[in-house]
Amino acid sequence: MTKFYAATAIAMCFGSAVAAEGSLNLYVWSESIAPELIEKFSNEYDVQVNVDGYTSNEDLLTKLQAGSSGYDIASPSQHFLRIMIDAGLLENFGANTLDAYANIQEKYRNQWWDETQEYSIPIAYGSAGFSVNTDEYTGPTDSLKYFFEPEGELAGRIAMLSYPDEVVGAAQLYLGVPFCSEDPAEMKRVLDLLMAQKESVAVYSSDNIEGRMSSGEVAAHFWWDGEVVRAAAAGAPVEYAMTKEGLVGWIDSLVIPKGAQNRENAIRFIEFVSKPENATIQMNHYAHSSPMNVIEAEKKYTEENAPGLYPTVPVVMSRTCSPKAQDLVTRVWTQLLQ
Amino acid sequence: MSEATAHHADTPRRRRQINLPYVGLAPAWLLMIFALIIPILIIIAVSFAVRGAYGGFDWGFDLSGYRQILFNEGWTGEMEFTPQYLIIILRTILLATVTTVLCLILAVPVAYWIAGQPGHRKSVLVFLVTLPFWMSMILRVYAWMIILGKDGPLLRFFEFFGAPSGMTFMYNDGATLAAMVYTYIPLMVLPVFASIEKLDGTLIEAAHDLYGNRWTTLRRVILPLTAPGIASGGILVFVPAFGAVLEPTLMGGGKQMMMGSLIQLQFGGGRNWPFGAAIAMILMMLVMLVLVGLALRSARNEVES
């Protein structure tokens, strides 16, 4: 019996790999790519597509730095894309000569994270800010003040993320401190703000945010725009705050790691998901905005039903901090939670 | 068969006894070298390496990873003594110790009771103790989040009897401990059960015959004889509890860092691998100290007896 199982297991390992013409290995944000698109691509080009997910840019960077990751496509955020290009971890696949490039919305082309746009094609963008449960909180949400200096219904009932990245960025926006500040005095102000806020924070966690928010366990949570939109579409009484100080922005791009085995298939895939009809499917799945020109009529999340995706306030993209600035961020965070 | 046995009997036995164990243990040694010793050497090397600007490290010799545990640049830009990491280390030791003690207090009666059951029921009960291991740890922690959370059965129960609304069991040290004890208690029950089962019942009878009351019997007879099981259960609980990340973050609300999450932060967003490796080394050394201490004690006890 054991032998039988072992044989089946071995057969399953090798069986799937030889079935298709070629293969394509994706390493992207967990559950970011629409399964429908993967299936469609796989059928159309007879390619076996394997998808692995990560939950932080650092995970991806670590894997690429280690070399020979075995992946053909990854999707870093802008600040990590910059590091990866500078460190020579990515293939120059002449992205600006592709059809995909022509379909990128003007304002997302040739930005500081890839000026020549030779290394990447963007796939999704969004922002991070705070959201409220409208059953639990009915007050104003137009300023980060209500989140960082909570009063009344929000006191003791707000939740932060467990990592400093976006949260510190939002605090910097609120205080008017530039991202990646290397000035200890400025960062001390960030720490003081977060320390004062801590008394009102119920939990620092990046897991199960939807559960906490939908059930009303907390009244406000630091969160991402698309997740709020998706929870709201599923019927949860949640709303994304448009804070006048601005929102912390991000944009993820498809890239090809250096030495990828299936470069041609990777380019094919990038072209494929960047077509207007497929970009629309992708946006409807992921619930984050698409930097591509999409088919407006087929969009599931519009300005009316998903205002969170159409910010009316400035969105400031996070930056890659110098080691000195990063140490200040880490120091703020460890002193906050010491 | 009988020929072979006869042949073996003729060859000098001493020689075989020296060679065979080494050959036979080779797979275990290889596993130890590749899965344990080499990784630890790498962590040691990284803890002395020079940090890379964007995560990672460059080979070299730099003590700043260890120095940072005690001294850092303050907000005014001067080097100063920073107690925050010591506080985190001490808190982690405290959490692991309290978890171990609670597990012990709860596990000894359970193990004693199971050991006293008739044969068939005994094996069913031991099986039930191991049952939670069949599920992923994160699922078990989530289950506790449901039990203790808002709309959870426990809160419902208390609200039924007039508990004030707004009461919560989640996101405090109690919630962390509940999940920790639940997660690790099987590791305590099993070794304690094994040593209680071996306990000679006549010794307890003898203790009673000599007018030892129940408390004296427990203290002077049962506990000393089950000490090895308790010690190994204690190690099995203490060591993983020391590195716990899930329970403090998910149940405790992550308001206070533990060593596990500190290491995670340094290897992740903090982008300071050598420092993360240095903290990991400290964690490992503390565990080693406990283990060596226990080993020395039991060696001494053996010599004495």
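Considering (1) in contact (Cβ under 8 Å) with a residue 12 or more places away in the chain; (2) away from chain B (no Cβ under 14 Å), the lone condition that A:Glu303 does not fulfil carries the number (1). Against the conditions (1) part of a loop (DSSP other than H, G, I, E, B); (2) within 14 Å of another protein chain (Cβ to nearest Cβ); (3) open to solvent by less than 30 Å² (accessible area, probe 1.4 Å), A:Thr334 satisfies every one except (1).
Yes/no matrix, rows are residues, columns are (1) open to solvent by 60 Å² or more (accessible area, probe 1.4 Å); (2) not β-branched (Val, Ile, Thr):
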site: B:Gly55; (1), (2): no, yes
site: B:Leu63; (1), (2): yes, yes
site: B:Met79; (1), (2): yes, yes
site: B:Leu86; (1), (2): yes, yes
site: B:Arg91; (1), (2): no, yes
site: B:Ala96; (1), (2): no, yes
site: B:Thr100; (1), (2): no, no
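The residues listed here are B:Phe161, B:Phe193, B:Phe157; of these, the one that is crowded, with 17+ Cβ neighbours inside 10 Å and in the same structural domain as B:Val110 (by TED's automatic domain parsing) is B:Phe193.
From the list B:Phe275, B:Phe242, the one residue that fits, being away from every other protein chain (no Cβ under 14 Å) and of a type in the set (Phe, Trp, Tyr), is B:Phe242.
When A:Ile123, A:Ile33 are checked against the criterion of being under 30 Å from A:Thr312 (Cα atoms), assigned to a loop (DSSP other than H, G, I, E, B) and within 17 Å of the chain's Cα centre (by Cα), a single residue qualifies: A:Ile33. Where helices (runs of 4 or more DSSP H) fall entirely within segment A:210-325, those with at least 1 residues that are basic (Lys, Arg) are at A:225-233, A:263-274. Among B:Met180, B:Met170, which is the only one that is aliphatic (A, V, I, L, M) and either over 24 Å from A:Met213 (Cβ atoms) or free of Cβ contacts under 8 Å to residues at least 12 places away in the same chain (or both)? Going through B:Met180, B:Met170 in turn, the sole match is B:Met180. Against the test of being within 14 Å of chain A (Cβ to nearest Cβ) and out of contact with any His (no Cβ under 9 Å at 6 or more places or on another chain), the options B:Val141, B:Val192, B:Val124 yield a single qualifying residue, B:Val141.
Residues are listed down the side, and each one gets a yes or a no for (1) within 16 Å of A:Arg263 (Cβ to Cβ); (2) β-branched (Val, Ile, Thr):
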site	(1), (2)
A:Pro35	no, no
A:Leu64	yes, no
A:Gly70	yes, no
A:Ile73	yes, yes
A:Gln78	no, no
A:Ile85	no, yes
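Residues A:Lys63, A:Lys145: which one is surrounded by fewer than 22 Cβ atoms within 10 Å (Cβ to Cβ), of a type in the set (Lys, Arg) and more than 26 Å from A:Ala306 (Cα to Cα)? Step by step, each of A:Lys63, A:Lys145 is checked, and only A:Lys63 is surrounded by fewer than 22 Cβ atoms within 10 Å (Cβ to Cβ), of a type in the set (Lys, Arg) and more than 26 Å from A:Ala306 (Cα to Cα). Among residues of segment A:306-330 being away from chain B (no Cβ under 14 Å) and touching a helix residue (DSSP H, G or I) at 6+ places or on another chain (Cβ under 7 Å), the one that is farthest from B:Gly77 (Cα to Cα) is A:Ala306. Being more than 14 Å from every other protein chain (Cβ to nearest Cβ), open to solvent by 50 Å² or more (accessible area, probe 1.4 Å), assigned to a loop (DSSP other than H, G, I, E, B) and touching a residue at least 24 places away in the same chain (Cβ under 8 Å), is that true of even one residue in segment A:90-107? For segment A:90-107, residues more than 14 Å from every other protein chain (Cβ to nearest Cβ), open to solvent by 50 Å² or more (accessible area, probe 1.4 Å), assigned to a loop (DSSP other than H, G, I, E, B) and touching a residue at least 24 places away in the same chain (Cβ under 8 Å): present. Taking the criterion of being facing chain B (nearest Cβ under 8 Å) and of a type outside the set (Phe, Trp, Tyr), the residues of segment A:192-210 that qualify are A:Lys198, A:Val201, A:Ala202, A:Val203, A:Ser205, A:Asp207, A:Asn208.
The values are calculated or read from the model by the stated rules, or taken from the named source; none is laboratory data. What you are looking at is a predicted structure, and each value in this text was computed from that prediction instead of being measured. Because the Cβ atoms are built from the backbone with ideal geometry, glycine has one as well, and the counts that use them run over all protein chains shown. Just so you know, the surface numbers come from the protein's heavy atoms only, side chains and all, with ligands and any DNA or RNA stripped out. Shrake-Rupley method; radii C 1.70, N 1.55, O 1.52, S 1.80 Å.
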